[in-house]
Structure formats: structure tokens, C-alpha cells
1. Per residue of chain B, what 222 nm ellipticity follows from adding -39500 (n - 2.57) for every DSSP H run with n ≥ 4, rounded to the nearest 500?
2. What is the packing order of peptides B:84-96, A:338-350, taking the mean over residues of other C-beta atoms within 10 Å and listing the highest first?
3. Could you work out how far the C-alpha centroid of segment B:7-49 sits from that of segment A:68-90, in angstrom?
4. For chain B, with a Gaussian network of springs between Cα atoms less than 10 Å apart, report the residue from B:51, B:203, B:242 with the top mean-square fluctuation.
5. Considering only C-alpha atoms, what is the centroid distance from segment A:223-276 to segment B:225-303, in Å?
6. With the Cα gyration tensor of segment B:1-72 giving a ≥ b ≥ c as the square roots of its eigenvalues, does the rule (a/c under 1.5 for rounded; else a/b larger than b/c for prolate; else oblate) give rounded, prolate or oblate?
7. Please state, to two decimals, what the Cα-based radius of gyration of chain B comes to when divided by 2.2 N^0.38 Å (N = residues).
8. Taking the highest mean first, how do the peptides B:204-211, A:24-31, A:97-104 order by number of other beta carbon atoms within 10 angstrom per residue?
């Protein structure tokens, strides 16, 4: 009798094995996986080619060579780590919720595969591609060993941290996917949770610092909390590893933090899958036409700014029906969620404003504060907008829409308005949260104009990118990934690559910053150099980015008109 | 002039030929049943007619308007109900219909009364203030039909409208389609439920592998298709004499006798059956009845199509 377990035995003993195999094969065979792998490799090769020592470095001696190898490792690790963090949530956040949306969840539950088997199969699916990417980066990164200056322990730490981050992000996505009912909600919540996981300990430490500064300042306690915060935060530890190598204590604490999050998330996912799903409840309360009853309700519940039971007006003739539908039903029906988003965004911006003001320099404070707002808005936008048309397609509404007398322009503008509406709580929070900046005496009119202007332009650009992404694919998950990729390229990629290569025609690498709607803030609000000329340059840059946004919108319209999205 | 006219329509999906030189005409006021196995090209035809899909070649006209050249004009006179459709979350039925009414550019003043009419026609008045997303499958089908009728289209393209409906809902849907036909609408309906199509449609078309195998009035197609007719004769008396007579007639392939009842397999045409009846009467045989087994649409479908994928 053979001691090894045959494939057939394996499948019969562990029914989940078949699913794990299927999920892995499906994810690895997909075109998008190959594209992601190729993109990573291409980026890595570009970094190596750009950083590889030339004659100047040879004259610089061993120190210069050491600097080059460290740069290579830092850049490659950064790309790998951030890339994985950006893409893993999109993969994992729809894993289980998509089964529900496609009505295959019950079939899965009826099979012999245990809930734990389902969880692990989905986990393998989510991390499979990224493990391949990480492994394939190993030989690329090892080229740094041809030079001096890089310790193998640093590379090992980088790889362990990246693998752990991928695993943790995938588990967070799985938990969200098991809890939530809609893939888009799951994706947004996953990204926010991943952000919280990455910077949560740091944020906690800083909040603690603010509290300490406000009340009684205990240096020793502050030091302990700061150490815990910095030692736990994955981003901080990774930065330390790449900078001078993390301390073993911090490294182990960080891994422990990853482990706890993984354990909790897997537990939640397992519990949700094991528990029989509850059918979605829809309240069929009739709308109220009686004005008196409506008034009484409003008096009784002052928070009913818009009573959900008040009968909605018919769509006016002069209005774009798509725009009205998106705003009146799509957006206002989610009024409670929007108010919550406003509160959370306001709280984050308020705290960020307070923390940024500690610095004491008005330009610097406002730059940091606006930077946080823009980054958060740009990060949130794909999750809120990149499903605009893929959702219609997935629900089966697109054909019916196309059959109406609505022109493509009206549909696209309706969706664009909905995107702006979805971002409006964050934009409003940004406007209201300037209060601490004013109170702390850090307000500067020029900086405020530049900051809010940049925020608005970035929001419009992100909406256009989201809309465009939702027209080049039929799947929400892929649309979100495309949206993030385009955002990375536009907000950072072009400017950083040009600053790196610094071609002759650019003249000065500072000019490269104007090729990013985000980094331009760094140039204009740089404390020592702020001047009218910079403001004019900023204005030109913003006009150019508005034009880019309009181009994306125009191309979206063209795609809607031309492409074969209607082919099911 | 035909209300729907399709000439040499061809559509490819890569190497797969979905429609292969399809020609079809549907007259105004017809309920045309479009029959074919899965992947035969029914939905592709409907989607081309509804301007959602571009054909590779060929022409299609509805009410004399070219679907490729004037899609906007086509949308004004066409109501399309897809086989797989969604509904918007958080919209009540009246709001849902109001949105589509506005999307079809119906003035707000007229819209309310039109919505009431459509709700009444589809028997959904009592559900007007309920959320569409909470409806059962049958209710959603009816809501979608209500949406399809909102702009009073001349032509209705219904892709599997009865799929997933319970027997009562199917009967109601059938009655509703008959009412719409009486209102002068031309209806093209694709379905797999052949027995219902047989009752409902006055003309049918059978499609397979993108080719139209047969089209026309149901009776005519049956005549064309069937090589052997099944006849049943019952006489009151003179059964032996009847048997001898039947045996002497050319064209009767098989005679099965059960006392006074005869089941015949024949290749007689309609005129031959009339002649047979005349001979029986002339011999003084008291014929109680002579009937032809009409067969069903399923028989026609099976004999016309080859099956297989």
C-alpha cells in the first residue's frame, strides 16, 4: 500500500482541496494576474536599470556603490509592498460577497466543503497571485547583492513583512466580504480597514500625544505609547527596516499584530460562513402624503431633514432623469450612510488639522492637512465611483437604460453627478474641519485657496477616472483596480518617474512636481518659496488637470457610445 | 408592408456564427413566437432589432425605419423586455415607472395618468407604493412589462417573458399579451415554453444555428413539416365495410381498428382527407366524426430542429 495520498484520496478526504485548487487555478490563469505580474516585473526592471551604478558611482568608490544598492532595495521593496497593499484588498474583498451576488453561495454551503475549507480556499485565491509576485521579485531584488551595502537580513525582513501584510490584507478583505452584502461596500470597507490596520497604531500614538499635550504631560508614559505605536505599525516598521533595519523587538511585535488581525479576521469570516445567512429585510412602509403627519414626524424627529417616507416628486421635464435618479434615489436613500461618512471624515480631518498645527508653521501645517484630505479623497473615490456603470451591468439594468431615449451624454453626466454627490460628505467635511486651523492661528488665505482648489480638482479628476474605469471593464473589482492604477500613475507615477530620470527638456526636476495634481501642493505651499509666480504656476497646473479630467470624461462618453458593453 | 422586416442579417461572435443570413417578416398586429434551442440566435436577433447590437451585415427595419441608421426613432416605437433584467434598489414601483417615463421623455403632466393606466393593465395598482426590489420574480416580470409599455410602443420585443413564472402568473401573462395584441401592438416573443406559445401566437418562426428553418402561420408550418398525418374516424355502424374501404384507398399507411374507431396513419393532403370523407358518406357509412390529430408545437419543433450543440 502506498504511503502517499493520491489526488483522488486527497479530494475525498478534504473536499475543500478541490475548491482550493480551482480557486488557485482560476486566479493564476486570469489575464489580470498575468498583467499585474508583468507590470510589477516591468517596474522592477526599470528601477534596476535606473539605479544600476554608472561611471560616476564607480569614481565614488564603495560608499557610492553601497548607496546605490540600498536605493535599489528600498525602491523595489516600496513598490512591492505598496503595490500589494493596493491590489490585495480588491481581490479579497469580493471573494465571498460575489458568490452571494451570483447566487452560488447557497450551492457552496450545500456542498461537503466545510466553512473553514471555504475560508482557506478563498484566502488562497486572494493571495495566490501576490505570492507568485513576491517570489518572482526575490531574484530581481537579489541583484542588489552584486553590489555592496545590503545585508541579507534586511531583504529577509522585507519579504517576511510583505508576505505578512498580504496575508493580513487578504484576511481583512475576507472578513468584510463575509459580513457585508454588497461587493462595493465590502471593497470600500476593506480599503478603509486596511488603512486603519496600517496606520492605526501610529494614529493611536499621535492621538495619545495630543491628549498628553492638552492635559498632563507624562514623558515616560508618552514614550511607552509612542514605542508601542511605532513598533506595531506595519508601515513604520517597514520604513525602519528599509532605513536602518528594525529592532528585533519591533519586528516581532509587528508580526504579532499581524497575527492577531489575521486570527480575528479568519474567525469572523468562519463564523459568518457557518451561520445561516439571513434574508435581506426591506421595509415596505407606505409613503406618507399627509402634510400634517409629515410635519409631526419632522417635529418628533428633528434629524429627519429628508423624511424617507415623504412621497418623492415626479421627475421634472427640464431635468436629466438619470441625474435626478442618482441624486434623489441613489444618493439620498443612503442619507444615513452619507451623514456617517461626513462625521468620520470630519473627525479625521479635524484631528489631522490639530496634529498638523502642532508644527507651528502655517504653510507647512496647511500643506500637510490638505495633503491628508486629498490622499483620503483620492483613495476613497475609486471605491465610490468605479462601479458606476459596472454595477448597472451586473444588475442587468444597462440594456434597459440604453433602450430609453436617454442620450449617452445624459447617462454619463448623471453618473458623474452621482460621483460628485458620493464624495460630497468628504468635501463638506474638509470645508468644515478648517475650524481648528483657524482657531490655532494657522489659517492662510493663499494656502487655503490652493488647498481647496487642489482638493476640488483632484476630486473631479478622480471621479472622471472612476467613470472611465467603469466603462473599460464589466466587473466592479477590476474597475476599482484599474481606477487605482490610473490614479497612481497620474497622482504620483509620471511626476516621480520624470523627477527620477530628470530629462534635459524638463530643465529642473521641480517642474516634474507640476505633473502631479497632488505633489504640486508640495511645491506651491513650500514655506520658503511661496510667491505669486508659484500661485500662477499652480493655477496653470490645475487648469491642465481639469483638462485631463474633461478628456477622461469625453473618452468615457465615447466608450459608452462605441464599445460593446451591452454584449452579455 | 411588414411591421418587422429582417433581410440577410448576419452576426458573428468571433468564430461562432450567431445569425446566418436571417430573413424574416412579421405583419402588424401579429403575435410572433420565436422558437429555437439555446444559442440558436433568438436573443441576438431581438437585441439587433432593439438597437443594442450591431449586426455584421444585413438590414432590419421596424415600421419602415432602419434600426442601424435611426436607432433613436426605433427606441420611440419599440418596447424591449430583456430576459435577464435588474431593478433599482430603494425605488417604489410608481417611482421606477416615473423614472423610465421621464427617460422616454413623457411630459410630467401626462406621466401620472399613463403610469396609472399601465399599472391597471398589468394588474399592479395595489403594488404601486411598494419597493420593486422586494417583489417576487413574477411581480418583477410584470413591473418590467409595465416599464416596457410606459411609452405606448407599437412593437414589443419580449425575450423569455414567462420564464420563472408560476402557472397562474403564466396564464395572466398570456392574457395580458392577448389584450396587448387586441390593442394593435405587434409582439415578438421568444420562449422555450412551446405549449403556451402555440396557444398565444398566430405566427411562429423556428431558428437553429442562426438560420431560420421555418416561419409562418402555425397551421401552415405544421402542414409543411409533417410527412405523416394521424387521422381518427369513428363510425356508428358498418365498421367492417369501413375497414374494407379504408384498405382500398391509396395514401393510408397504417390502419388500426378498435371496434368502431379507426386510427389511421396517412400521407394524404388536406384535399385527400376531404375526398376520403366524401367516399365514406357516399357509401352510406354513418360517420360519427373524422378528425386529424393536430399535434403540438413541440412535435413541429422537434421535427424541424436537429438539436445538439
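1. Value at 222 nm, helices only, nearest 500: -11000 deg cm²/dmol.
2. B:84-96, A:338-350
3. What the calculation gives is 53 Å, centre to centre.
4. Evaluated over chain B, the most mobile residue of the options is B:242.
5. For segment A:223-276 versus segment B:225-303, the Cα centre distance is 88 Å.
6. On the way: a/c = 1.96, a/b = 1.28, b/c = 1.53.
Since a/c reaches 1.5 but b/c is at least a/b, the shape of segment B:1-72 is classed as oblate.
7. 1.24
8. Working: B:204-211: 22.2, A:24-31: 13.1, A:97-104: 15.6.
The most tightly packed comes first, giving B:204-211, A:97-104, A:24-31.
Every number here is computed from the coordinates shown, using simple stated rules; none is lab data. Keep in mind that what you see is a predicted model, and the values were worked out from it rather than measured. Counting neighbours? That spans all protein chains shown, and the Cβs are built from the backbone with ideal geometry, glycine included.
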